[in-house]
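Trainee: Input: one structure, supplied below.
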Amino acid sequence: MSSVRITVPTPSHQALVPITDKVAEAVARLGIEDGAAHLFVLHTTCGLLVNENADPDVARDILRRLEELVPWRDPKDRHAEGNTAAHVRSSLVGSSLTIPVQGGSLVLGAWQGVFLAEFDGPRTRHVVVTAL
């Protein structure tokens, strides 16, 4: 097995959902001891990021700032589904991550966590984790 898919239910229209534990479980299932885990989200209106996981205000501030940069409603948007902002935000955040693995564990800083960034939920999202 070289990759596994993890499922992430999102709770609201916008959210940074912690997925560090799910990614660590995927790394264990893949048997990665030393190398890297590549993560790719299979959707166009959410993204992946690494950021602080100790203070939940950081996640709220990130979402607030993204709303300021890319407001949900813009009368100039032409996308018929009405979720252009979600597409733009996911483009800014990105759809993939590569995280080093040493001794079977994710190599993250003391305050770092892995998040799925939901911009058009709530939905059920899927992330593919591949062993490198």
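The values are calculated or read from the model by the stated rules, or taken from the named source; none is laboratory data. Note that this is a predicted model, so its numbers are computed, not measured. Cβ: placed from backbone, ideal geometry, glycine included. Neighbour counts: every protein chain shown. Please note that ligands, DNA and RNA were not included when accessible areas were found on the heavy atoms of the full protein model with its side chains. Shrake-Rupley method; radii C 1.70, N 1.55, O 1.52, S 1.80 Å.
Trainee: Going by amide H atoms built from the backbone, whose H comes under 5 Å of the H on residue 114, apart from near neighbours?
Mentor: 19, 20
Trainee: Please list, ordered by chain and number, the residues whose modelled amide H lies under 5 Å from the amide H of residue 107; skip anything fewer than 5 residues away on the same chain.
Mentor: Amide H to amide H, under 5 Å and 5 or more residues apart or across chains, residue 107 pairs with 101, 102.
Trainee: For the chain, what is the charge dipole size about the Cα centre, in debye to the nearest 20, if Lys and Arg each add +1 at the Cβ and Asp and Glu each add -1 at the Cβ?
Mentor: Details: 12 positive and 15 negative charges, 79 e Å.
Roughly 380 debye for the chain.
Trainee: Kindly report the accessible area of the chain per residue (heavy atoms of protein chains, probe 1.4 Å, no ligands, DNA or RNA), in Å².
Mentor: Ligands and nucleic acids excluded, the result is 54 Å² per residue.
Trainee: Can you work out ³J(HN,Hα) from phi for every residue in region 18-32, in order, using Karplus 6.51 cos²θ - 1.76 cosθ + 1.60 and θ = phi - 60°, giving whole Hz and x for Gly and Pro?
Mentor: The phi angles translate into x, 10, 3, 5, 5, 5, 4, 5, 5, 4, 5, 4, 7, x, 6 Hz.
Trainee: Hey, can you rank 94-104, 114-124 by average C-beta count inside 10 Å, highest first? Intermediate results must be reported in sequence, preceding the final value.
Mentor: Details: 94-104: 14.5, 114-124: 21.3.
Highest-to-lowest ranking by the protection proxy: 114-124, 94-104.
Trainee: A follow-up question, please. Can you tell me, using C-alpha contacts under 8 Å and at least 6 residues apart, the relative contact order of region 43-120 as a whole percent?
Mentor: Details: 93 pairs, mean separation 44.3, N = 78.
About 57 percent, as a whole number.
Trainee: In whole Å and largest first, what semi-axes does the C-alpha gyration tensor of the chain yield when each eigenvalue is scaled by 5 and square-rooted? Before the final figure, lay out each step's value.
Mentor: Numbers: eigenvalues 159, 50, 25 Å².
Rounded to whole Å, the semi-axes are 28, 16, 11.
Trainee: How large is ³J(HN,Hα), in whole Hz, for each residue of region 121-132 in order, when computed from phi with the Karplus curve 6.51 cos²θ - 1.76 cosθ + 1.60 and θ = phi - 60°, using x for Gly and Pro?
Mentor: Taking θ as phi minus 60°, the curve returns x, x, 8, 9, 10, 10, 10, 8, 10, 10, 6, 10 Hz for region 121-132.
Trainee: Heavy atoms only, probe 1.4 Å: what % of the accessible area of the chain goes to carbon and sulfur, would you let me know?
Mentor: Working: 3750 of 7190 Å².
Taking all protein chains in place, the chain shows 52 percent carbon and sulfur surface.
Trainee: Output wanted: per-residue J couplings in Hz (rounded whole) for region 60-72, from phi through Karplus 6.51 cos²θ - 1.76 cosθ + 1.60, θ = phi - 60°, x for Gly and Pro.
Mentor: Coupling constants for region 60-72: 4, 5, 4, 5, 5, 5, 5, 5, 5, 5, 10, x, 4 Hz.
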